[in-house]
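Just below is one structure, and these are the notes that go with it.
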Amino acid sequence: MLSTPTHPHAAPAATGGRSMTVGRYLRTLGSETGIELLKNVRIPIFAVSTVAFPVMFYLIFGATFGRQGAGPINVATYMLATYGAFGVIGASLFSFGVGLAVERAQGWMRLKRASPMPASVTVLAKLANALAFAAVVVAALMLAGVTVGGAHLSLGAAAALLGVLLLGALPFCVLGQAFGYALGPNSAPVVLNLIYLPMAFASGLWIPIHQLPGFVQAIAPYLPAYHLGQLALSTVGAHVEGNPLGHAAALLVTALVAGAAAVVAYRRASLATYG
Amino acid sequence: MEATLSPTAGATPPATAVAAFRGARYAYGATVALAGFDLTVHPGEVVAVLGPNGAGKTTALHLLMGLLAPQAGSVRLYGADPRERAARERLGVMLQVSGVPETLTVREHVRAYAAYYPAPMAIDEAIATAGLAEVARRPYGKLSGGQRQRLHLALALVGDPDLLVLDEPTTGLDAAARRTLWASIRAMLRRGRSVILTTHDLDEADALADRIVLLHHGRVLAEGTPAEIKATTASRRVRIVTRLDEARVRALPGVHEVRRDGQATEVLCAAAEPLVLELLTADPTAHDLEVSGATLEDAFLALTAARPRTHREVA
């Protein structure tokens, strides 16, 4: 990743040599991450929908059911885990999916591909951004939960929840990437919402899974969001369906399948050009 | 600089070649964009690849930028495969379809792109050279069309590359904005820096380039200095009502193509004056003379239809 292989017949380039130093790689990555962050925070629709919507939904549902019991913990604490999953999935899917689709259409991605920036920097900068937004949404939810929601969360549980949600965001970043290379700039937000919102509902991220109709509960294990929701619940002491290792394995499979789809979509997209 | 319309194929590219295409071929499915493209660019040269839409210009540049791989033949950038990241450290590009996020300012974009290169120029210098000092803090979304093109030019320049590749840099601009952009491109020429640009405008190629390569249907039809190209391609269209028949007109000096258009005879030629002189000598009754600049399509039509053998060896 840090260097490109030397071509056997290539004359050495006069500047820079064949590979980048680690220091230069990190400086480029820092700059690219910063520009990506600046771009995202200046798009109100992105910043608002990724952070404000999950918090708003959490407060509406949390205020309604907040102090009722949900097994060993109250609903406000339970929903902190599920709305946390909802929030990080949104940040991951949209920053990769919509971001890539728009930037491909603009020609910005192609301009970067023609530059000497390593392709991995583009991906890592977007990843850092998705995780930053994910961390912000989780922190905002926790703040709302413990101040007005009535959630009970130890410092250790909060750290475990944040850790699980950020790790669990990765498969959804890969999924977002697959959609970002496959979809156009206008269809991407629509298609992603049509997948994201029903999936979140059917995975028990809005309303606890055991309160959903039976057929929805039967579908849930086939949805990656369900598995992240269950893993998140395990960190706050809620009753969890199935084995945490099984949920982690399901997310790993999601990442692998989405990764293969992303590679195929990227190859197709990068061949499209103009006469 | 090439002194004649010489073939470039076959020769081994010198080690100093900036860019070298050897029989490069690329097809999109059944549509052949480049059918064996040969071109060598030397340090300090400004080369214009001139051709109508669909000639294969953008495909050629995308091969040189490493965005596509040739399906046959080879493409080398400073002796290396352009798909290798390090080879592109000496390359700055301006794409034909280019846009950048609207919420970031001119300065932010230039600074971000500078970070991709090992030894970039000063940010302000790149902005000033592209003529954007006044709007450096303005977001991309609030720039005019000409200012946007100049930002794309600044992004090509800021890495201080030895080769600038500009794909139709002035497309969509009005005459005044085009001239401003030409001035900016000229300001970027420094000792040893090479430029490859595409255009479908002979005037633009003439204004900027040391050497013009005529590309048509994915092949090089001819190459030479702007003066040579203008002399060998039909650059004038002469319309006149004459009693002379087509064969007779075709035999006059510098004529590429003759066609009847109602009462009038239309002639594509290199220069109007010697033709008109001969024509009026042969037919003093000729009248309703009109002279206009030939379009690029006219020039290519003349080159392909009337003189098929002259440049064949180049392709």
Problem set entry | the stretch B:19-231, Rg to Rh (Cα coordinates; Rh as Kirkwood inverse mean 1/r) | 0.96
Seminar exercise, completed: Counting only backbone N atoms under 11 Å from a point 7 Å out along Cα-to-Cβ of B:ARG191, the residues of the stretch B:71-104 in range are none
Seminar exercise, completed: Rounded to 0.05, the calculated FRET efficiency for the beta carbons of A:ILE207 and B:LYS142 at R₀ = 60 Å is 0.85
Exercise. Helix A:119-144 versus the longest principal axis of chain A: what is the Cα-based angle in degrees, 0 to 90, to the nearest 10?
Worked result: 20
Seminar exercise, completed: Restricted to pairs 8 or more residues apart or on different chains, the lysines in the protein assembly as shown with C-alpha atoms under 20 Å apart form a number of pairs equal to 5
Problem set entry | Contour excess over end-to-end distance, with Cα ends at A:LEU167 and A:ALA105 and 0.36 nm allotted per residue | 19.3 nm
Seminar exercise, completed: Output for the protein assembly as shown (equivalent-ellipsoid semi-axes, sqrt of 5λ from the C-alpha gyration tensor, Å, descending) is 60, 24, 21
For this session: Using the Cα centre as the reference, give the magnitude of the dipole from point charges on the C-beta atoms of the stretch A:28-271 (Lys, Arg: +1; Asp, Glu: -1; all else neutral), rounded to the nearest 20 debye.
Result: 600
Problem set entry | Sequence of B:ILE185, A:ILE89 once ranked by neighbouring C-beta atoms within 10 Å, starting from the fewest | B:ILE185, A:ILE89
Seminar exercise, completed: In nm, the gap between the two label points placed 7 Å beyond Cα toward Cβ at B:LEU280 and B:ASP203 is 2.6
Exercise. If we sort A:126-134, B:96-104, A:39-47 on the protection proxy, mean other Cβ atoms within 10 Å, highest first, what's the order?
Worked result: A:126-134, B:96-104, A:39-47
Exercise. Assuming a viscosity of 1.306 mPa s and a temperature of 10 °C, what translational diffusion coefficient in µm² per second does Stokes-Einstein assign to the stretch B:236-293, Rh being the Kirkwood radius over Cα pairs?
Worked result: 146
Seminar exercise, completed: Sorting A:MET79, A:HIS239, A:HIS210 by the position of each Cα along the dipole of chain A (Lys, Arg +1; Asp, Glu -1; all at Cβ), the one nearest the positive end of that ordering is A:MET79
Exercise. If you put +1 on each Lys and Arg Cβ and -1 on each Asp and Glu Cβ, how big is the dipole of the stretch B:236-293 around its Cα centre, in Debye rounded to 20?
Worked result: 100
Exercise. Highest GNM mean-square fluctuation, chain B, Cα pairs closer than 10 Å: which of B:PRO169, B:PRO139, B:PRO43?
Worked result: B:PRO139
Exercise. Per residue of chain A, what 222 nm ellipticity follows from adding -39500 (n - 2.57) for every DSSP H run with n ≥ 4, rounded to the nearest 500?
Worked result: -23500 deg cm²/dmol
Exercise. Quick one: if the Förster radius is 60 Å, what FRET efficiency do B:SER74 and A:VAL148 give, using the C-beta to C-beta distance and rounding to 0.05?
Worked result: 0.35
Problem set entry | MRE, 222 nm, helices only [DSSP H, n ≥ 4, -39500 (n - 2.57), over chain B, to nearest 500] | -8000 deg cm²/dmol
For this session: For the protein assembly as shown, build the charge dipole from Cβ charges (+1 Lys, Arg; -1 Asp, Glu) around the Cα centre, then report which of B:VAL255, B:HIS152, B:ALA271 sits farthest towards its positive end.
Result: B:HIS152
Seminar exercise, completed: Per-residue Cβ contact counts at 10 Å, fewest first, order B:ARG219, B:ARG90, B:ARG250 as B:ARG250, B:ARG219, B:ARG90
Problem set entry | Residue-averaged beta-carbon neighbours from other chains (10 angstrom radius) around A:114-123 | 6
Seminar exercise, completed: With the charge dipole of the stretch B:19-231 built from beta-carbon charges (+1 for Lys and Arg, -1 for Asp and Glu) about the Cα centre, the Cα from B:PHE21, B:LEU64, B:THR31 projecting farthest to the positive end belongs to B:LEU64
Seminar exercise, completed: With Cα springs under 10 Å, the Gaussian network model of chain B assigns the largest mean-square fluctuation among B:ALA24, B:ALA247, B:ALA133 to B:ALA247
For this session: Could you work out which residue, out of B:ASP162, B:ASP288, B:ASP124, moves most in a Gaussian network model of chain B, that is, has the largest mean-square fluctuation with Cα springs under 10 Å?
Result: B:ASP288
Exercise. Hey, can you rank B:252-261, A:105-114 by average C-beta count inside 10 Å, highest first?
Worked result: A:105-114, B:252-261
Problem set entry | Residues B:GLU168, B:GLU246, B:GLU84, sorted so that the one with the fewest Cβ neighbours within 10 Å comes first | B:GLU246, B:GLU84, B:GLU168
Seminar exercise, completed: The relative contact order of the stretch B:55-147, taking Cα pairs under 8 Å that sit 6 or more residues apart, comes to a percentage of 23
Problem set entry | Relative contact order, percent, the stretch B:19-231 [alpha-carbon distance under 8 Å, six or more residues apart] | 30
Exercise. Hey, what D do you get for chain A in µm²/s if you plug the Kirkwood alpha-carbon radius into Stokes-Einstein at 4 °C and 1.567 mPa s?
Worked result: 65
Exercise. Counting alpha carbon pairs within less than 8 Å and at least 6 residues apart, what relative contact order, in whole percent, applies to chain A?
Worked result: 24
Seminar exercise, completed: Tilt, helix B:272-282 to longest principal axis of chain B (alpha-carbon atoms), in degrees rounded to tens, equals 0
Exercise. Using a simple charge model, +1 on the beta-carbon of Lys and Arg, -1 on the beta-carbon of Asp and Glu, nothing else, what dipole does chain B show about its Cα centre, in debye to the nearest 20?
Worked result: 720
Problem set entry | Radius 14 Å from Cβ of B:ALA207, net charge of other residues (Lys, Arg +1; Asp, Glu -1) | 0
Exercise. Which value in nm describes the separation of the simple spin-label points at B:GLU273 and A:VAL263, placed 7 Å from the Cα toward the beta carbon?
Worked result: 6.6
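Values in this text are rule-based calculations from the coordinates and carry no lab data. From a predicted model like this one, the values you see are computed outputs, not experimental measurements. A quick note on method: Cβ atoms are made from the backbone with ideal geometry, for glycine too, and the neighbour counts reach across all protein chains shown.
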